[in-house]
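The values are calculated or read from the model by the stated rules, or taken from the named source; none is laboratory data. This is a predicted model, so every value here is computed, not measured. Cβ sites come from the backbone with ideal geometry, for glycine too, and all protein chains shown count toward neighbours.
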Amino acid sequence: MYHILIYHTAPDYLARRAAFRDEHLSYARAAHERGELFLAGALAEPADMALLVFKNTEPRDIETFARGDVYVRNGLVTSWEVRPWTVVIG
């Protein structure tokens, strides 16, 4: 079972992210090493969203992840949502 965490980023996200990037990436890498976070990355042109794909992780745990993310806590992510993702190929 897959779920997608969709981040909607602030208009000044690119300008502000450098101060928080190392902590954000370390946090995401830890979730990846635990086998929770499968893939993650930001969308470009425009850089207004990011998608994080979780595998075999409960929605409540993904919500806890989002609330603990330094980007969320510092307003670089203005809103987020967790959605189930039905994979049909791959």
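Brief remarks follow.
- In segment 12-36, the residues that are farther than 18 Å from residue 78 by Cα and free of Cβ contacts under 8 Å to residues at least 40 places away in the same chain reach residues that are in a loop (DSSP other than H, G, I, E, B) and not aromatic (Phe, Trp, Tyr) with C-beta atoms within less than 6 angstrom, at least six apart or across chains, in these pairs: 36/57.
- Strands (runs of 3 or more DSSP E) wholly inside segment 1-75 that include at least 1 residues being among the basic types (Lys, Arg): 49-55
- Residue ID - surrounded by the fewest Cβ atoms within 10 Å (Cβ to Cβ), chosen from residues in segment 4-29 that are touching a Leu at 6+ places or on another chain (Cβ under 9 Å), closer than 27 Å to residue 86 by Cβ and of a type outside the set (Val, Ile, Thr): 29
- Just one residue in the set 81, 58, 63 is at pLDDT 95 or above and surrounded by fewer than 13 Cβ atoms within 10 Å (Cβ to Cβ); that residue is 81.
- Evaluation of residue 83 against (1) under 13 Å from the mean Cα position of the chain (by Cα); (2) outside any strand (DSSP E or B); (3) in contact (Cβ under 8 Å) with a residue 60 or more places away in the chain (one fails), failing number: (2)
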